[in-house]
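Have a look at the structure below, then the notes.
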Amino acid sequence: MDWKCNFADATEIEEFCKMENNIMEIYSLCRSLYLTAYDGLKRDEDGYGMYISDEKILILGKSVKRISKDVSEVCRIEESKAYEQLLIVLKNNYVGTATRKEIESRSYVERDYSDSFRYGTHYNFNEIPNWGDFLNRMNQLISSEHLS
């Protein structure tokens, strides 16, 4: 595997991966997020868009919560801090789990031949368009799951 995790400021997640050799668990979580986004690309009469079902978001959210709990126990930090750090790692790394073929199938250049100085518009459907909205929805679903 050629994947390298960018931990950014998530030092406890990095420590968790080294202490327990849990890098594959983090990779699997990042890969699940990428595949969720990959499968969410839809095209209709209005063009392209991304739709991820609440069920898929909740499944992913439960995995994030479970791993956050493991990190908090191993590294002796608050679970909320582990959760925040894990979300940073996910955001920084999920696209990096994609294969070249997957990346190419979700990238598109609309050529502009009217202007010799502009090549066109590049569309990248490999990333979740609005990370903040995605996280808000995931947190809402996790909260409502705990209330029921």
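Take the conditions at pLDDT 95 or above and either surrounded by 18 or more Cβ atoms within 10 Å (Cβ to Cβ) or more than 14 Å from the chain's Cα centre (by Cα) (or both) and apply them to Tyr113. Does it pass? Taking the combined requirement at face value, the residue does not satisfy it.
Could we say that Tyr83 is closer than 21 Å to Gly132 by Cβ and crowded, with 18+ Cβ neighbours inside 10 Å here?
Working: closer than 21 Å to Gly132 by Cβ: yes; crowded, with 18+ Cβ neighbours inside 10 Å: yes.
It is true that Tyr83 is closer than 21 Å to Gly132 by Cβ and crowded, with 18+ Cβ neighbours inside 10 Å.
With respect to being closer than 21 Å to Cys5 by Cα and either open to solvent by less than 100 Å² (accessible area, probe 1.4 Å) or modelled with pLDDT of 75 or more (or both), Gln140 falls outside the description. Tell me, please, whether a residue that is open to solvent by 50 Å² or more (accessible area, probe 1.4 Å), under 20 Å from Leu141 (Cα atoms) and over 13 Å from the mean Cα position of the chain (by Cα) can be found in region 68-79. Yes: region 68-79 contains one or more residues that are open to solvent by 50 Å² or more (accessible area, probe 1.4 Å), under 20 Å from Leu141 (Cα atoms) and over 13 Å from the mean Cα position of the chain (by Cα). If the condition is being assigned to a loop (DSSP other than H, G, I, E, B) and among the aromatic types (Phe, Trp, Tyr), then region 118-139 contributes Tyr119, Phe125.
Tally up the residues in region 87-107 that are assigned to a loop (DSSP other than H, G, I, E, B) and out of contact with any helix residue (DSSP H, G or I) (no Cβ under 6 Å at 6 or more places or on another chain), please.
Start the filter on region 87-107 by keeping residues that are assigned to a loop (DSSP other than H, G, I, E, B), which leaves 94, 98-99, 106.
Among the residues that remain, those that are also out of contact with any helix residue (DSSP H, G or I) (no Cβ under 6 Å at 6 or more places or on another chain) are: 99, 106.
Going through region 87-107 one residue at a time, the tally reaches 2.
The values are calculated or read from the model by the stated rules, or taken from the named source; none is laboratory data. Given the structure is predicted, the values throughout are model-derived calculations rather than measurements. FYI the Cβ positions are ideal-geometry reconstructions off the backbone, even for glycines, and counts take in every protein chain you see. The protein model used for the area step is the full one, side chains on, heavy atoms only, and it has no ligands, DNA or RNA in it. Shrake-Rupley method; radii C 1.70, N 1.55, O 1.52, S 1.80 Å.
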